[in-house]
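The values are calculated or read from the model by the stated rules, or taken from the named source; none is laboratory data. Owing to the predicted nature of the structure, the values given are computational and were not obtained by experimental measurement. Cβ coordinates were reconstructed from backbone atoms using ideal geometry, including for glycine residues, and neighbour counts include every protein chain displayed.
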Amino acid sequence: MKCTLAVLLPISLLPGLAFGAEYLVGVGKYERTGKKGLGFDPSVIFPQPGDTIVWEFRSGQHSVVESSFAQPCVGSGGIDTGVFTVSDALDVDAPGLPRYTVTVNNTDPRWFFDQAGGLCNQGAVLAVNPSAQQTAAQFVENSGASEPAASSPSTPTTPSTAGSSPSSPSSGAAATSGSAAQNSPAPTETPTKSNGAERVGQAGGLVLGAVAALALAML
């Protein structure tokens, strides 16, 4: 009886644990075809506080830079992943593509574009938590009239505005020599690859490990 109680009590606490979702966004991947190309796939996401956004970079040179709703193609001084260079010989969903991860702290609308890709004015933009007043469709339309931003290599920077917390980028085997990914510090975490949003169970694994240890101690 003691062993049964020792196992059931911690498991009963599992529903109260926070499980963050992971939003995997392809950079340099056209969402309408799933192939290499223009912009982001997906181009609109709605993460919640505690969720993570994982940008995964495709062939060519790409960088994710935070902008504004009114000027989609002009950096706002927020998140800047730096430029990632990936071999054209790799498949669109090849394993080991370089990634950059940020943690979402609130549901405020956030706006991004692919600066190094140079196609912002053609709609290479990403809307995060757009609102009824500031829609994703209007953001794309604004990008056509926004002043184009010249691409330039840069290193990942910490955003100056609240709303997301970046982790160090992970440099997969796909990054070619001289890319920003290889010049960056080692990653602090390795997100799980997903198609859209997945519930991450690291916290559950820790609890189950504790449950097993407790059960053995009660024998």
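Structure notes:
- Residue match in the stretch 153-163 (condition: in a loop (DSSP other than H, G, I, E, B), crowded, with 20+ Cβ neighbours inside 10 Å and modelled with pLDDT of 50 or more): no
- Counting only residues that are touching a Pro at 6+ places or on another chain (Cβ under 9 Å) and hydrophobic (A, V, I, L, M, F, W, C), the stretch 34-52 holds 2 of them.
- Residue in the stretch 128-151 that is modelled with the lowest pLDDT, counting only those that are surrounded by 19 or more Cβ atoms within 10 Å (Cβ to Cβ) and closer than 21 Å to R58 by Cα: A149
- Unmet requirement for V125, which otherwise passes all of (1) aliphatic (A, V, I, L, M); (2) under 15 Å from the mean Cα position of the chain (by Cα); (3) surrounded by fewer than 17 Cβ atoms within 10 Å (Cβ to Cβ): (3)
- Among the residues listed as G50, G20, G96, the single one being modelled with pLDDT under 95 and in contact with a Gly (Cβ under 9 Å, 6 or more places away or on another chain): G20
- When each of G50, G26 is tested for being crowded, with 22+ Cβ neighbours inside 10 Å and touching a residue at least 24 places away in the same chain (Cβ under 8 Å), the lone residue that passes is G26.
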